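Engineer: What follows is a structure written as structure tokens; I'll ask about it next.
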Amino acid sequence: MPPIARIDWVVAFFNRCIALFESLPEEGGRNKKTGGKQEEAMLSGIREAVDVVCFQLSDEIFDIVLTRVFQYAASNTKLNTMRAFTHLVRRLTRTNPEKALAKFLPHCTKQVVIELEHGAASVATTSTHEAVHSDTALLWSKHFVFT
């Protein structure tokens, strides 16, 4: 099989993962889960599949996937996808820490500073688990740097 077909398949796999993450319901309930048992089971299966696929990526395909994932992370801020998408970023970071950190760290730290300068995290709250929706962009960027 030609390598181009494999690249297309891998990119399609990651695009479908991202599309599934986008359609997740907001986290809620007592345990702050994403949806019900079906959604959690689906996410668990995707995490396992992402782990296996990332472990097998060549340097060329890893670079393509990393660029695609970074493009999504740099242009989106969604609370419902944050935990699932963070797992994807963590897995890429474990696969090739140097490349992943070089891509994400400068962008995310800059975004955290920008959000703080523009009033993010300025709403007082006593909850450590409830996200303030006005802080979504701050939380999105912080999640990739500090988790």
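Engineer: For Thr86, indicate whether it is touching a residue at least 60 places away in the same chain (Cβ under 8 Å) and in a helix (DSSP H, G or I). Quick ask: steps written out before the conclusion?
Structural biologist: On the way: touching a residue at least 60 places away in the same chain (Cβ under 8 Å): yes; in a helix (DSSP H, G or I): yes.
Yes.
Engineer: Of all residues being over 13 Å from Thr67 (Cα atoms) and free of Cβ contacts under 8 Å to residues at least 12 places away in the same chain in region 91-111, which is surrounded by the fewest Cβ atoms within 10 Å (Cβ to Cβ)? Just the residue, please.
Structural biologist: Among residues in region 91-111 that are over 13 Å from Thr67 (Cα atoms) and free of Cβ contacts under 8 Å to residues at least 12 places away in the same chain, the one surrounded by the fewest Cβ atoms within 10 Å (Cβ to Cβ) is Glu98.
Engineer: Still on this structure, please answer the following. Among the listed residues Phe13, Phe55, Phe21, Phe62, identify the single one that is at pLDDT 85 or above, surrounded by fewer than 17 Cβ atoms within 10 Å (Cβ to Cβ), in contact with a Ser or Thr (Cβ under 9 Å, 6 or more places away or on another chain) and part of a helix (DSSP H, G or I).
Structural biologist: Phe55
The values are calculated or read from the model by the stated rules, or taken from the named source; none is laboratory data. None of these values were measured; they are calculated from a predicted model. All Cβ positions, even for glycine, are placed from backbone atoms using ideal geometry, and neighbour counts span all protein chains on display.
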